[in-house]
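**Q** Dropping a structure here in structure tokens format, bear with me for questions.
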Amino acid sequence: MSNFLIAYNRTAVFEGGYSNDPDDNGNWTGGIKGKGILVGTNYGITAPELFRYMGHIPSVLDMKNLSKDVVEKIYKSRYWDMVRGDEINNQEAANDIYDMAINAGVGTAIILAHRAENLPDSTIMTDDLINKINNATGVSTVAPAPVQPHTLERDFVLTKNGKTVNVKIILSSNDHPSINITPAADNVSVLVL
């Protein structure tokens, strides 16, 4: 069973403090530049996320005074719980799926995890996916099992809100299985399992 706070602390170091850039969609309560109220972001929490959490339109003061406790609650309920992180035995796999959910959206992270495990696309973290991740060769909370080395690469093109991203998924039995996202070139991400 993976630990949310480990995943949260790993990702939180990349989330900044308060920002209210009017050209950033995430700073507007409507999620689109000029739609709703410009309240900014804080600790990576966007205005629409805080709106959903609070149940009413947040103010600039609400965003600026966002407590670390509330930030953790939002990340846990909106990302970690959605990818069922507590049910993933491999901490690194859980960390990486959670991080992808924050950066690309929960649905995209789950679709990519399904594809990496050769399962049909779904935006729901299915029992089949959890079982495949937990039973993957070499995944163990104690030590990886020895396997014959092999690598499988798959390229995908994802389109969301009119933006297209090329994604490469690399599965390698040489490595401890995990999902890592690193920019490979302009508009390309690499997913390593």
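**Q** What length, rounded to one decimal in nm, is gained on full extension from ASP128 through to HIS56, with 0.36 nm per residue of separation minus their alpha-carbon distance? Numbers along the way, then the final one.
**A** On the way: separation 72, 0.36 × 72 = 25.92 nm, distance 3.66 nm.
Fully extending the segment from ASP128 to HIS56 adds 22.3 nm.
**Q** If the only charges are +1 at each Lys and Arg Cβ and -1 at each Asp and Glu Cβ, what is the size of the charge dipole of the range 1-145 around the Cα centre, to the nearest 20 debye?
**A** On the way: 12 positive and 18 negative charges, 59 e Å.
Using only the charged Cβ atoms, the result is roughly 280 debye.
**Q** Provide the per residue accessible area, probe 1.4 Å, for the range 1-110, rounded to a whole number of square angstrom. Present the calculation step by step, with values, prior to reporting the outcome.
**A** Working: 5260 Å² over 110 residues.
Counting only protein heavy atoms, the per-residue value for the range 1-110 is 48 Å².
**Q** Next question. Can you tell me the convex hull volume per residue for the range 54-123, based on C-alpha atoms, in Å³ to the nearest whole number? Write down the numbers at each step before the final one.
**A** Working: hull volume 7.5 nm³, N = 70.
That works out to 107 Å³ per residue.
**Q** For LYS132, what accessible area in Å² do you get when you roll a 1.4 Å probe over the heavy atoms of the protein chains, rounding to the nearest 10?
**A** Number for this one is 90 Å².
**Q** On the full set of protein chains, 1.4 Å probe, figure out the accessible area of PHE51 and give it in Å² to the nearest 10.
**A** 70
**Q** Can you send over the solvent-accessible area of GLU72, 1.4 Å probe, protein chains only, in Å² to the nearest 10?
**A** Estimated to the nearest 10 Å², GLU72 gives 60 Å².
The values are calculated or read from the model by the stated rules, or taken from the named source; none is laboratory data. As the structure is a computational prediction, the values presented were derived from the model and not from experiment. Glycine also receives a Cβ, built like all others from the backbone with ideal geometry; neighbour counts cover every protein chain displayed. Surface accessibility is based on the protein's heavy atoms, side chains included, excluding ligands, DNA and RNA. Shrake-Rupley method; radii C 1.70, N 1.55, O 1.52, S 1.80 Å.
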